[in-house]
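A quick write-up on the structure given underneath.
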4 protein chains.
Amino acid sequence: MSYRKVSVAVIGANGYTGMELLRLLHFHPEIEIKTITSESQKGRKLSDVYPQFNGLFDEEFVSLEEFDDKDVDLIFLALPHGTSMDFIRQYEGKARVIDLSGDFRLDSPEVYNEWYGSEHLSPEKLQESTYGLCELNRDSIKDSQLVANPGCYPTSAALALAPLIQHHLISDELIVIDSKSGVTGAGAKPSEKTHYTKVNDNFMAYGIGTHRHTPEIEQTINAITENHYKVQFTPHLLPVNRGILTTVYAKTDSFIEEGSLKTLFEEFYSGDTFVRVMDSAPTIKDVKATNFCNIFATYDKRTSQIIVVSVIDNLVKGAAGQAIQNMNIMFGFDETLGLSHIPVSI
Amino acid sequence: MSYRKVSVAVIGANGYTGMELLRLLHFHPEIEIKTITSESQKGRKLSDVYPQFNGLFDEEFVSLEEFDDKDVDLIFLALPHGTSMDFIRQYEGKARVIDLSGDFRLDSPEVYNEWYGSEHLSPEKLQESTYGLCELNRDSIKDSQLVANPGCYPTSAALALAPLIQHHLISDELIVIDSKSGVTGAGAKPSEKTHYTKVNDNFMAYGIGTHRHTPEIEQTINAITENHYKVQFTPHLLPVNRGILTTVYAKTDSFIEEGSLKTLFEEFYSGDTFVRVMDSAPTIKDVKATNFCNIFATYDKRTSQIIVVSVIDNLVKGAAGQAIQNMNIMFGFDETLGLSHIPVSI
Amino acid sequence: MSYRKVSVAVIGANGYTGMELLRLLHFHPEIEIKTITSESQKGRKLSDVYPQFNGLFDEEFVSLEEFDDKDVDLIFLALPHGTSMDFIRQYEGKARVIDLSGDFRLDSPEVYNEWYGSEHLSPEKLQESTYGLCELNRDSIKDSQLVANPGCYPTSAALALAPLIQHHLISDELIVIDSKSGVTGAGAKPSEKTHYTKVNDNFMAYGIGTHRHTPEIEQTINAITENHYKVQFTPHLLPVNRGILTTVYAKTDSFIEEGSLKTLFEEFYSGDTFVRVMDSAPTIKDVKATNFCNIFATYDKRTSQIIVVSVIDNLVKGAAGQAIQNMNIMFGFDETLGLSHIPVSI
Amino acid sequence: MSYRKVSVAVIGANGYTGMELLRLLHFHPEIEIKTITSESQKGRKLSDVYPQFNGLFDEEFVSLEEFDDKDVDLIFLALPHGTSMDFIRQYEGKARVIDLSGDFRLDSPEVYNEWYGSEHLSPEKLQESTYGLCELNRDSIKDSQLVANPGCYPTSAALALAPLIQHHLISDELIVIDSKSGVTGAGAKPSEKTHYTKVNDNFMAYGIGTHRHTPEIEQTINAITENHYKVQFTPHLLPVNRGILTTVYAKTDSFIEEGSLKTLFEEFYSGDTFVRVMDSAPTIKDVKATNFCNIFATYDKRTSQIIVVSVIDNLVKGAAGQAIQNMNIMFGFDETLGLSHIPVSI
């Protein structure tokens, strides 16, 4: 049997997530990029549209219509929400799929309908898909045909909460999750909300009580111990390009000794290279442009609250990086392959 | 009786708060700036140190030693924490004082000791001082000799909470307050934490569970209805110069009809020009460089939580502007005099 | 004769220039805003669209069709380039007009055609209009019916060059003008170029050799001494909201004594409150949100070059502020009326 | 003969340049980092001081006194200007040295004295050292014992000018170089100038006519054809962390056909992977966090000027990256080894 690299396609490559996938995949030693598609840029060279790729990656975007999945082992779907669902419904090839949209993250078509405001087009596939939060679902990811890559906010929130949930430390049904994200989370399409002069030197909350990542977070943390926590999730828009910082507030009835939270988190994540448990509150630049999630947990005796702060790069651990981590798991590579850069923190 | 303007001195004028006082006072029609002091800049012209004042305000800094309070009606103390206390302890003149430090905000010397980590030098003055949150304490401010100008975070948090407290809407003893502030809140002194490359494109939490504004917020909201709320207060550092956005989370057992929160806030602040109750979540630029506080309150039926978002400019409503508002109250001027600029939101 | 305020209309108020006019006009003691028009926002209250105006300016936008110039003394035209021309061509009322577009700045229809790429629709009005660079054309502005408010780059460049030109200090026909502007200069319309993630932490040149402000600068400086200088003008896009810094390079054959350039500039601008001649290189924040232009000139003996650095706020001295300064001149007010704020430099 | 990796030491590793060297060296497949020194951080683990290195590079800083150059093949000197000179003067070991300070860049002790304001301590070593601008001096670098790594501004300016100089296209003795740099160029030490609130939303020129990179640029371009160009060099401070954009203005008497400049640059840099000749003006993010230099050259027929815009990352091609490129040349590796990342342009 002859060795060959894993062949991948990036469908919908002309967006922040697609770009970031290409930036990272380019240096993955075990894969080969066969096709990149974009309807708006088809026929143009990637490096003509995005000068950073000049001389490094000069392939052409093709239309999805021209895409032939023969000889492709893995498809990264970087299509908009709703469009992924449509692709999957019709897709009959053999390639495995990692979908970076929100279409296959929720288990229940009803919950999907409630938060996304429309019927799910492919409810049976919804059941088949695996939620690709690597640190929590490694085993199911391994053999999955369709991995739903987690949302950026849910990744930062669930990693901050998982050890507490697992150890039954949270005594109140309601958990407050206050998240702050960079602008790339809002996508590449120009809009008033993302105009430079609107964001620069500014800060705002949005989607209070209505953001679609709310049920995704609840589903993820409640799956750990079959519990029924609710989360009050508020996203905010930071004047930075990349990065999410999530501050979690959870009531506890347990007495918590100094330092024991760190030990608990370290043990929980002992096999997880990308989760780094810290001695002090992290900053979003501590993980910039990498797949790391830095976490700091502390207990306030005065108020019986546990506060956890986690940071990720929303385009990497919150999107493209975790997708590659999922690929590494699915194809039996070392989980960190192609992902072990030092953060660009300066 | 002949008319004359109110004579003021700014002690410790060479810091962000001092500068901002001078920027705003310059256009107050009823006052006259007699003296500005700075130990580090004494002998230099303000406009030589800060070119923005060139041609507009060319006075010299003098040393505090040279300051003579004769003919001064009002002293703005813009000294560092701890230093104000020392000044007040020794001050025997007749001028009224607005202190912008944290020294006279707390009622209890014990609480001061606990959170500030040192003995209060002037506990009897601590009792005499008035907490200058204008919208809540207007009447006591009027005749006060010593007004403690509130902290920036407490201003944003207390204004967000006061109507809910007043109406007994909060059913849980613990309130979560997640605040985000611009860098001017950390003062003008260069440090690693405020180096441009550290802050730019970055974001972090700090002082979790230990920030000195925690007891100030608790004292302020508990004074409204003699209650015993505790707050879990977490400040964060935003990559912007000015502005605080505070997100408040409070449990309620009351049933709250749509729109009723807005009405409740509007009625509570009906006489308060500087508090603007909004229909949607505000941004920090909506109030930039002005004394406004914009507030949005909403109720999440699913979780029984009230979420309030408030924004202020930390240097204005959170410091120099509120000090001038206090002055206006103390000297019988229209409360908005010299303070009714339109925000520099673009 | 009864006193009344000057009545003004702002046509095309829903853009950065229009907004900035309203921010500044609101506190002008001698004017009254009668009408604000916007086609896209007609029927909405200004303060509903722009929350910064809430409680301060709650007028409604109307359509231009509804605008009646009866009882209006002055029209500020804040329409896009090309649209202003169309308005002026058809306008038959008596109100005086200050046009903030580029339509009436150039004297020659041929030069207009060459740089703007289309025929001028109203060449006869082009002759009648006055170029409103206040410091240079004060006398003609006084009685003008139609003032063409200067471009932002030309304002910063011409003020930096005028004293040198006047004194025949420049010996080479070619002057290099390297300008850097904030993003508001590119207008309020969302685009890829002004997307936050594209501008933030970035910097670029644009319009090299082709920018329309090139002939405007040449016309302005050559009018001073009927000379024929050419300028090599390169604009750049800064990751800031407001502000222009222009660096001018001009060869001289004269021997220049230390300090004499400052004196020369000071004398030239001795009657001009808004031009501040500085001892060291200014920063764009030294004039932020105000009508000032700070200038520093220096001579490099080694190279026989004069280097001048000037800074303005592109929305104020580069647009709305200068328009108000023009109004003050036209209506006989003190030139600084409504414009003497201290910069928001922190 | 057994194979072993090249052993390197980083002396003065606790600064932006040192950090960036470590970030990049960590993934160089052919080297091994033996020692990192820092006087202020000695005894601490790198990853305790800089959390981005956590789990990736956990070595300890040692004092320079403890450094033993036995078994070290190469020393990267990342010491402050003046300190490097002192080290080199005393160093008697065999390891080759790449010095990232300004101490050994100029050929002439007199010129050094004039621009740096002090005597050179090691003038004989000044003669022996090689100026490490890889694209221009590859051959001499190969066998050098002491390479002076170029300054950031000179790298961007010389690469923009070299093809024009080589082809004798510049007809005026004076070349204008207007450069704009990110804040990391000013070093890691906190100061008023680099305080966040001073830099954010701001922009300024500095060192007009006096910056030390002036003679370095002149020496470098005049070495190409033994010419005597003078440069008028003005650096500016951008509100970004990384990146330099340089705009060059040069008079030409030659007639230049459209497109011919691009061809000329492409041919000049045909063997240079890191120089990318572009079709339009580059932005600093097109090369962010990488060793690329993107260049665009254009000719303005109207003014007979050639304008060239070049961009580099000041910490990579302007410092650590070029140092590694020099190392690759010195040790016979492929010049791009460890340096071929795709820019972090989003």
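The values are calculated or read from the model by the stated rules, or taken from the named source; none is laboratory data. On a predicted model such as this, the values are computed, not experimentally measured, just so you know. Virtual Cβ from ideal backbone geometry, glycine too; neighbours counted across all protein chains shown. The area values use the complete protein model at the heavy-atom level, side chains included, leaving out ligands, DNA and RNA. Shrake-Rupley method; radii C 1.70, N 1.55, O 1.52, S 1.80 Å.
For the set C:Phe333, D:Phe27, the ranking by accessible area, highest first and with no ligand, DNA or RNA atoms included, is D:Phe27, C:Phe333 under a 1.4 Å probe. Here the simple spin-label model places points 7 Å from the Cα toward Cβ, and for B:Lys5 and C:Gln90 these points are separated by 5.0 nm.
Label-to-label distance, A:Glu30 versus D:His167, with points set 7 angstrom from Cα along the beta-carbon direction: 4.8 nm. Among B:289-298, A:66-75, the peptide with the highest mean count of other Cβ atoms within 10 Å heads the list, and the full ranking is B:289-298, A:66-75.
Overall, the anisotropy analysis places the range D:98-216 in the oblate class: the square-rooted eigenvalues a ≥ b ≥ c of its C-alpha gyration tensor yield a/c not less than 1.5, with a/b not exceeding b/c.
Sorted shortest first, the distances from the B:Glu128 label point to those of the same residue in the other copies are 7.1, 7.5, 8.1 nm; each point sits 7 Å from Cα along Cα-to-Cβ. Each other residue within a Cβ distance under 15 Å of D:His211 adds +1 if Lys or Arg and -1 if Asp or Glu, for a net charge of +1. Largest mean-square fluctuation among B:Asn227, B:Asn54, B:Asn326, in a Gaussian network model of chain B whose springs join Cα atoms under 10 Å apart, belongs to B:Asn54. Springs between Cα atoms under 10 Å define the GNM used for chain D, and in it the highest mean-square fluctuation of D:His81, D:His211, D:His195 occurs at D:His195. Building the convex hull from the alpha-carbon atoms of the range B:213-333 and averaging its projection over directions returns 8.7 nm².
Look at the stretch B:305-311: the mean tally of other chain Cβ atoms within 10 Å of its residues' Cβ atoms is 4. Building the convex hull from the alpha-carbon atoms of the range D:1-82 and averaging its projection over directions returns 5.9 nm². Taking a ≥ b ≥ c as the square roots of the Cα gyration tensor eigenvalues, the range B:121-186 comes out oblate, since a/c reaches at least 1.5 and a/b does not exceed b/c. Between copies, the label points at C:Lys193 (set 7 angstrom from Cα along Cα-to-Cβ) are spaced 2.5, 3.3, 4.1 nm, reported in nanometres from shortest to longest. With label points set 7 Å from Cα along Cα→Cβ, the inter-copy distances at B:Asp139 are 6.6, 6.7, 9.2 nm, sorted shortest first. Summing +1 for each Lys or Arg and -1 for each Asp or Glu among the other residues whose beta-carbon sits under 13 angstrom from that of B:Pro163 gives -3. With a 1.4 Å probe, how much accessible area is buried between chains D and A, both sides summed, in Å² to the nearest hundred? That pair hides around 2800 Å² of surface in total. Residue by residue along B:43-55, Cβ atoms of other protein chains within 10 Å of the local Cβ number 5 on average.
Counting only the Cα atoms, chain A fills a convex hull of 146 Å³ per residue.
Measuring nothing but how far apart in sequence close Cα pairs (under 8 Å, 6+ apart) lie, relative to its length, the range C:1-110 scores a relative contact order of 27 percent. The label point for D:Glu128 and the one for A:Gln145, both projected 7 Å from the Cα toward the Cβ, are 7.0 nm apart. Taking the Cα centre of chain C as origin and assigning +1 to Lys and Arg Cβ atoms and -1 to Asp and Glu Cβ atoms, the resulting dipole is close to 880 debye.
Round to the nearest 0.05 the FRET efficiency obtained for B:Thr225 and C:Asp279 when R0 = 60 Å and r is the Cβ-Cβ distance. Calculated transfer efficiency: 0.55. Sparse packing (at most 11 other Cβ atoms within 10 Å of the Cβ) combined with a DSSP loop state is found for the following GluC sites (Glu not before Pro) in the range A:195-256: A:Glu226. Ranked by the mean number of other Cβ atoms within 10 Å of their residues, highest first, the peptides D:131-140, B:245-254 fall in the order B:245-254, D:131-140. With Cα atoms defining each centre, the range A:155-182 and the range C:118-150 are spaced 64 Å apart in the structure.
Summarising the amide proton neighbourhood of C:Arg276: residues at separation of 5 or more, or on other chains, whose placed amide H is nearer than 5 Å comprise C:Cys293, C:Asn294, C:Ile295. Applied to the range D:250-264, the Karplus parametrisation 6.51 cos²θ - 1.76 cosθ + 1.60 on θ = phi - 60° returns per-residue 3J(HN,Hα) values of 9, 6, 10, 9, 6, 8, 10, 6, 4, x, 6, 4, 4, 4, 4 Hz, with x for Gly and Pro. For the range B:59-72, backbone phi angles converted through the Karplus equation (6.51, -1.76, 1.60; θ = phi - 60°) give residue-by-residue couplings of 5, 9, 6, 10, 6, 4, 4, 7, 5, 10, 7, 4, 6, 9 Hz, Gly and Pro being listed as x. Compared with the dominant Cα axis of chain A, that is its longest principal axis, helix A:213-225 is turned about 70°. Using C-alpha pairs below 8 Å separated by at least 6 residues, the relative contact order for chain B is 17 percent. Sites listed here are GluC sites (Glu not before Pro) in the range D:1-51 whose DSSP assignment is loop and whose Cβ has at most 14 other Cβ atoms within 10 Å: D:Glu39. Taking amide H atoms as placed 1.01 Å from N in the peptide plane, the amide H of C:Val240 lies under 5 Å from those of C:Val183, each 5 or more residues away in sequence or on another chain.
Phi-derived couplings, Karplus 6.51 cos²θ - 1.76 cosθ + 1.60 at θ = phi - 60°, listed residue by residue for the range B:82-91: x, 6, 4, 3, 5, 4, 4, 4, 9, 6 Hz, with x used for Gly and Pro.
The range A:232-252 and the range D:280-346 have Cα centres spaced 36 Å apart.
The angle separating the long axis of helix A:152-166 from the principal Cα axis of greatest extent in chain A is about 40 degrees.
Sparsely packed loop sites in the range A:239-329 (the GluC sites (Glu not before Pro) outside DSSP H, G, I, E and B with at most 16 other Cβ atoms within 10 Å) comprise A:Glu257, A:Glu258. Note on D:335-341: average number of Cβ atoms from other chains within 10 Å of each residue's Cβ is 2. Which translational diffusion coefficient, to the nearest whole µm²/s, is obtained for the range A:294-336 from the Stokes-Einstein equation, given a Kirkwood hydrodynamic radius over C-alpha pairs, 25 °C and 0.890 mPa s? The calculation lands on 197 µm²/s. Rolling a 1.4 Å probe over the protein heavy atoms gives the protein assembly as shown an accessible area of 35 Å² per residue.
By how many degrees, between 0 and 90 and to the nearest 10, does the Cα long axis of helix C:16-25 differ from the longest principal axis of chain C? In chain C, helix C:16-25 runs at an angle near 80 degrees to the longest axis. With N the number of residues in the protein assembly as shown, Rg(Cα) / (2.2 N^0.38 Å) evaluates to 0.93.
Within the shell of other residues whose beta carbon sits under 9 angstrom from the beta carbon of A:Tyr249, the net charge comes to -1, with Lys and Arg scored +1 and Asp and Glu -1. Let me have the 222 nm mean residue ellipticity of the protein assembly as shown computed from DSSP H runs of 4+ only, each contributing -39500 (n - 2.57), with the sum over all residues rounded to the nearest 500. Calculated from helices alone, the mean residue ellipticity at 222 nm is -7500 deg cm²/dmol. Which stretch or stretches of the range A:112-143 have amide N atoms under 17 Å from the point lying 7 Å from A:Phe331's Cα along the Cα→Cβ direction? So the set is A:141-143.
Considering only alpha-carbon pairs that sit under 8 angstrom and 6 or more positions apart, the relative contact order computed for the range B:33-97 is 30 percent.
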